[in-house]
Amino acid sequence: MASKPRLHYFDGRGRMETTRWLLAAAGVEFEEQLIKSKEDLEKLKKDGALLFQQVPMVEIDGMKMVQSRAILNYIAAKYNLCGKDLKEKALMDMYVESIMDLGEMIMLHPFKPADVKETVIIEKATTRYFPVFEKVLKDHGQEYLVGNKFSRADVQLLEVILMAEELKPDILSGFPLLKAYKGRISNIPTIKKFLQPGSARKPPTDEKKAAEAMKVFH
Ligand code: GSN
């Protein structure tokens, strides 16, 4: 039997959390090798395990994969979480890239000076991104975002909705279809399990966690 994917990263969300989500959604068990210090990171570099001297790194199918998007693309393709043809995949790429733009804003927020306001992120979420997905759901009237089939777009949209709700709990108040969608996707058994306490899902990055990350990476 193939060994479980092994995730090498800091003990926080950062650029690894979406990989945790995708693997969990696909029902794939994985192991984590946590990088706890600058020395742990230096050792990985010295061992030649990091192609560009950076993490996330995931050992999977005999590869040591780096670059978070490459990792996500591989997992999505391997577990059939992409579109069924080129055009569905193109649409999904557009959705997923926008979701990652928003996710990155939220993910980096604890590392930015206090003058980068949460209100700016909330404004972007509610005026640029969520209206698009609300309209997509309204126009096609289907359960899932693309192709009437569960995909990485659903996993990643749910992830970013939950991150946005951590900033503003009622952020979906003007988006009734997204609210219902959030409930549906959260109830998919693998995702439901990932949302339970004790799963591999990491907590929001607070000031303490951000300081720990800065010690390892800078
Ligand atoms: O998406 C990616 O995986 C890359 N384009 C960026 C990865 C990256 O910036 N890694 C940093 C840690 S911060 N975020 O995960 C990293 O490994 N820094 C250590 C170093 O020596 O550069």
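Readers should treat all values here as calculations from the given coordinates under stated rules, not as data from a laboratory. Everything numeric here is computed off the predicted structure, so don't read it as measured data. With ideal geometry, Cβ positions are generated from the backbone for all residues, glycine too; neighbour counts draw on all protein chains shown.
Some observations on this one:
- Summary value for segment 1-127: 23 percent relative contact order, contacts being C-alpha pairs under 8 angstrom separated by 6+ residues.
- Net charge, P5 excluded, C-beta distance under 12 Å - Lys, Arg +1, Asp, Glu -1: 0
- When +1 charges are put on Lys and Arg Cβ atoms and -1 charges on Asp and Glu Cβ atoms, the dipole computed for the chain relative to its Cα centre reaches about 240 debye.
- Segment 66-178: Rg to Rh, with Rh as the Kirkwood radius over Cα pairs: 0.98
- Angle between the chain longest axis and helix 68-78 axis [Cα atoms, degrees, rounded to 10]: 70 degrees
- Straight-line reach from K46: taking Cα to Cα under 22 Å and skipping same-chain neighbours fewer than 8 places apart, the lysines in range are K36, K38, K64, K215.
- Acute angle (nearest 10 degrees) that the helix 176-186 long axis makes with the longest principal axis of the chain, alpha-carbon atoms: 40 degrees
- In the chain, the calculated helix contribution to ellipticity at 222 nm averages -16000 deg cm²/dmol per residue, counting -39,500 (n - 2.57) for every DSSP H run with n ≥ 4.
- Cα long-axis angle, helix 152-167 against the chain (0 to 90 degrees, to the nearest 10): 90 degrees
- Placing unit charges on each Cβ (+1 for Lys and Arg, -1 for Asp and Glu) gives the chain a dipole about its Cα centre, and among A49, Y129, P203 the Cα reaching farthest toward its positive end belongs to A49.
- Coil-residue chymotrypsin sites (Phe, Trp or Tyr not before Pro) of segment 1-100, DSSP, other Cβ within 10 Å capped at 12: F52
- Only Cα pairs under 8 Å and 6+ residues apart enter the sum, and on that basis the relative contact order of segment 68-200 stands at 26 percent.
- Taking 0.36 nm per residue of separation and subtracting the Cα-Cα distance, full extension of the segment from V120 to K135 would add 3.2 nm.
- Exposure proxy ranking for L195, L137, based on other Cβ atoms within 10 angstrom of each Cβ and starting from the fewest, stands as L195, L137.
- Applying both filters, DSSP loop and at most 14 other Cβ atoms within 10 Å, to the GluC sites (Glu not before Pro) of segment 65-150 gives E143.
- Given their separation in residues at 0.36 nm each and the Cα-Cα distance between them, L177 and Q196 gain 4.5 nm when the chain is fully extended.
- Estimated vicinal HN-Hα couplings, Hz - segment 122-136 in sequence order (Karplus 6.51, -1.76, 1.60; Gly, Pro = x): 4, 5, 4, 4, 8, 10, 9, 9, 4, x, 5, 6, 4, 5, 4
- Annotation for segment 93-160: trypsin sites (Lys or Arg not before Pro) lying in DSSP loop with at most 14 further Cβ atoms inside 10 Å of their Cβ are K117.
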